[in-house]
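J.: Have a look at this one before I ask anything.
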Amino acid sequence: MVRSAVQVYLRTRPTSAGSSSLTVQPDGKTVKMELPKNAEAGLINNQLEHLLFKYDGILPKASQETVYSTCAQDVVEHVLRGYNGTVFAYGQTGAGKTYTMSGDTQSYQQRGIVPRAIHQMFRSVEERVDQEVVVRASYLEIYNEVMYDLLADHFDTLAPSGALGYDTFSGAKDYDMGGLGGTGSKKKGGKKKFGDDDAYGGHFLGSSHKKDTLHVVDTEVKGLVKRVVHTEEEALALFFAGESIRSTSKHALNSNSSRSHCIFTLYLETKQGSDSLGMRGLQSKLTCVDLAGSERTKKTHASGQTLKEAMFINKSLSFLEQTVNALSKVSNSRGGAGGRRGLGDDGASASASDQGAAFVPFRQSKLTSVLKDALGGNCKTVMIGNIWPEDRHLEETISTLRFASRVRQLTTNAVVNERRDPEFLVKKYERQVANLKQELAMRDALNGTSNRISSRYDAFSDAEKQEIRRIAKKFLTGETPIEDVSLHSLNYIRELFNQCKNCADDERTEVEAKHQGALRDLEARLKSAGVGGAAGQAEEEDHGADQGASVGEGEGAAAAVGESDKPSGFHVGNAPSDAKPERSAGTPMASMENQDDLAEPALDPLGAGVQADLSPALGLAATGSVDKSTAFDLFKYEIEEGRNLATVLKERKKRLGDLRHNLRDQTVELNGCKEEIDALAHSLESREAEDAEEGVVDDERYKYMQSLKAAKRKYREVYQKVRDSKLQVQTCSRDVVAAKVDLYKRFNDWYPRTMSNVMSRDELLAKMGGMSVKADEDGELLDASEQFDKVEMQRIILEDPDSLAFHTAKKSLKKMTPLAKGKTLRGEKAKATMTRRMERDLALNFGLK
Ligand SMILES: Nc1ncnc2c1ncn2[C@@H]1O[C@H](COP(=O)(O)OP(=O)(O)OP(=O)(O)O)[C@@H](O)[C@H]1O
């Protein structure tokens, strides 16, 4: 438990008029307030000449950043460690409370404590990878002593009879200002209590047991929506949305005066731990309070509704003051907050007669009920007193200084709100019980068969694992039937499965190695075979332009002319027709497809199978928001670079086709020569046999011999032509492959480059078909201003990446339907769109898409 005094800081609103009566003392923590002379009292009188007030810090010309780091950062740090924390701003109207708490919601630099606290909190939450963290947010407004939920789906007035309504002005005549402490309800007497009556009742303090009463009360507002927020943007968006519907109005001292007390709360739930160590749960909350400002209605010229609001505000602030007074008396009677009594405190602190029982009127107003913890309970609290140091506001300034001084005497007892997560423990034990039950059932079922290894429950040694592996192998090869495998414990069964998997993995590796070896062998043989080949050897035939030719040769090894490129690790052969990228009839590609053989199925550059082959070779990355099929078509037909490459490829393929055609004719001719040679050789052999019998060489035999000689000469000529043609085909095949590789490579360079400009399929199609749409990657059409927003967002991010969430949340708020009381605050649809847009923008800006 951390018992600590409430920290109080004083912030002054910059003013041109300035104040001659207020000076900051050299210690930087004390202010001196000169009191005006009372001329009527004469020269000698007891009038105080000045007052001194000491605080934890004075912030005369502080930036928003300094105010945050001085006043709030540590509180947020505490909340992240499991303590409750409250930061509240108090002061006269126009002194800068809203500026301090919310800041300028249009300017990132001028953002106030709440947006900064949200940022700090989420940054820390994101770093907690080992923890389960849930953040919730609520936004409560107390307007004319009626509570409103600023984050409810429907902006409902929940009081006086709604869920939030509770009658803290015990028996108040609500709108009769004199009746705040009176009895009965004239108009809207809220009957529904919030929280436990006892918990919020007034407490007599001063006796020992009363101290505990202050600590245990949880100031929960029943029915208040606590929205789960996953990201900083979501939290900011909710905060901005709530801000936009706060009650404000204009009066003489402030054109945008808050007419209500607003309490924005972030709830943090953290779970940390492990199965074995158990889970540790922390629950804490950060409460940020922007109080309405006290005002002198004569100065603000309030009238009508504004006057009524002013009366409610002043009254509730006076209850707050009474509560603080009572608490500070108690605190002083206990020895005070470490001697923090204000230097100029003019008698408000406890006198001896005050000591003893003191009534703390928490229950008199909703504000004091909600702030109960912050003022004296389980909370680390900081108050920022805002003053407007101009002479014309002297009275208000003194009043704020006094109040701040009393608040500084209060002490709180912050404790880490820790709890064991019962849900988690139940789950853990359930799992354990289930496991044990299974083990026992298994033992019962297999009772009698004892096995040293299979009945083990702890980890297996390496030797035991080897033994189980041997059993697994025998089972897998069928040597051991399943009935003969002992199964005595779950532990053993798990290990057996493991070993079966290991065996299967080994088997696969072995087969793959064999396969690789065979492939290498084949490649080597093909290489050594060169161009020679047996006549009549069938040749792989390509389709379309890649047609092969069958070559028959009288001598040499077999070789395929139109051979597949696969052995070279590069498949440019035919893909099945269904691997061809689909094109819709409406796209420009559809009309081009039939005219041009470049849309060849063989390329299938984007199909899964071919891409798998190409990716390692070319490093094709599957990125981008447009499918590659469409993009490849665009590249080949529309982009000059791609078009040129595709033309080269087409020309080479045509030449290859011609060469193969020629080669096929020559091969036929060569085969004809070979057949003729065979026939002549056969005839000559027969003739020789006859001549041998007769012992003469006749003319016919001589003719055969001449014909055979001529046929062989022709064969050699044709063979030479075939050989030359084959070389040409091989060279041309390589050129075709090179052209394909070039085309893919260039496409692969171009594709991510183009995609990085975040082109959508629609955009690409528009480019291809002259459509004038501009769509984002979700397929949503972007109008000119949205496109501008996008560019603007990218610029902002470049300047300060931390501001991304702020701007995105602000932007999403702008896109929401205008909010107004009585209207829907936020539909689910709008919320979903908002979230999607935020995620998309985040992804875009961080290059995740
Ligand atoms: N420290 C400051 N720096 C710059 N401007 C300030 C500062 N404090 C206040 N202001 C400006 O003074 C005006 C009034 O401030 P703000 O609305 O925050 O006062 P407030 O105390 O919340 O008033 P109310 O109680 O009437 O709501 C605003 O225009 C605000 O921008």
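The values are calculated or read from the model by the stated rules, or taken from the named source; none is laboratory data. Values in this document were obtained by computation on a predicted structure and should not be read as measured data. All Cβ positions, glycine included, derive from the backbone under ideal geometry; neighbour counts span all protein chains shown.
J.: Return only the number of the condition from (1) of a type outside the set (A, V, I, L, M, F, W, C); (2) farther than 30 Å from Glu126 by Cβ; (3) away from the ligand (no atom under 15 Å from the Cβ) that Lys285 does not satisfy.
T.: It fails just one condition, (2).
J.: Within the stretch 720-731, identify whether any single residue is in a helix (DSSP H, G or I), in the same structural domain as Gly642 (by TED's automatic domain parsing), of a type in the set (Asp, Glu) and buried (at least 17 other Cβ atoms within 10 Å of the Cβ), and answer yes or no.
T.: Residues of the stretch 720-731 in a helix (DSSP H, G or I): 720-731.
Of the ones still in play, those that are also in the same structural domain as Gly642 (by TED's automatic domain parsing) are 720-731.
Then drop every residue that is not of a type in the set (Asp, Glu), which leaves 724.
Those still in the list that are buried (at least 17 other Cβ atoms within 10 Å of the Cβ) too: none.
For the stretch 720-731, residues in a helix (DSSP H, G or I), in the same structural domain as Gly642 (by TED's automatic domain parsing), of a type in the set (Asp, Glu) and buried (at least 17 other Cβ atoms within 10 Å of the Cβ): absent.
J.: Working carefully through the options Leu680, Leu684, Leu663, Leu708, find the one that is part of a helix (DSSP H, G or I) and modelled with pLDDT of 90 or more.
T.: Matching residue, one of Leu680, Leu684, Leu663, Leu708: Leu663.
J.: Oh, and also: In the stretch 380-403, how many are modelled with pLDDT of 90 or more and away from the ligand (no atom under 16 Å from the Cβ)?
T.: 5
J.: Next question. Could you tell me whether Lys501 is at pLDDT 90 or above, charged (D, E, K, R) and not assigned by TED's automatic domain parsing to the domain that holds Arg280?
T.: Answer is yes for this residue.
J.: Counting only residues that are in contact with a Leu (Cβ under 6 Å, 6 or more places away or on another chain), farther than 12 Å from Val289 by Cα and crowded, with 24+ Cβ neighbours inside 10 Å, how many does the stretch 78-114 have?
T.: The number of residues fulfilling the criteria is 3.
J.: Tell me which residues, restricted to the stretch 223-270, are modelled with pLDDT of 90 or more, away from the ligand (no atom under 16 Å from the Cβ) and over 25 Å from Thr808 (Cβ atoms).
T.: Result: no residue meets the conditions.
J.: If you don't mind, another one. So Val370 clears everything in (1) hydrophobic (A, V, I, L, M, F, W, C); (2) farther than 30 Å from Glu418 by Cβ; (3) modelled with pLDDT of 80 or more except one condition, right? Which one?
T.: Of the numbered conditions (1) hydrophobic (A, V, I, L, M, F, W, C); (2) farther than 30 Å from Glu418 by Cβ; (3) modelled with pLDDT of 80 or more, the odd one out for Val370 is (2).
J.: Quick check on the stretch 474-492. Is at least one of its residues modelled with pLDDT under 75, out of contact with any Asp or Glu (no Cβ under 7 Å at 6 or more places or on another chain) and surrounded by fewer than 11 Cβ atoms within 10 Å (Cβ to Cβ)?
T.: No: zero hits.
J.: List every residue pair whose Cβ atoms lie under 7 Å apart, where the two residues are 6 or more positions apart in sequence or sit on different chains, the first residue falls within the stretch 226-246 and is surrounded by fewer than 21 Cβ atoms within 10 Å (Cβ to Cβ), and the second residue, located anywhere, is part of a helix (DSSP H, G or I) and modelled with pLDDT of 90 or more.
T.: Cβ pairs passing all conditions: Arg227/Leu238; Thr231/Phe122.
Conditions tested, residue by residue: (1) in a helix (DSSP H, G or I); (2) aliphatic (A, V, I, L, M); (3) away from the ligand (no atom under 16 Å from the Cβ); (4) at pLDDT 65 or above.
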site	(1), (2), (3), (4)
Leu307	yes, yes, no, yes
Leu317	yes, yes, no, yes
Ala326	yes, yes, yes, yes
Asn332	yes, no, yes, yes
Gly344	no, no, yes, no
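J.: Pairs only if they're at least six apart or on different chains, beta carbon under 8 angstrom, first in the stretch 51-64 and aromatic (Phe, Trp, Tyr), second buried (at least 20 other Cβ atoms within 10 Å of the Cβ) and in a helix (DSSP H, G or I); list them, first residue then second.
T.: Listed pairs, sorted by first residue: Phe53/Leu401; Phe53/Arg402; Phe53/Ala404; Phe53/Ser405; Tyr55/Ala404; Tyr55/Ser405.
J.: Out of the stretch 290-305, which residues are in a loop (DSSP other than H, G, I, E, B) and within 8 Å of the ligand (Cβ to nearest atom)?
T.: Matches in the stretch 290-305: Leu291, Ala292, Gly293, Glu295.
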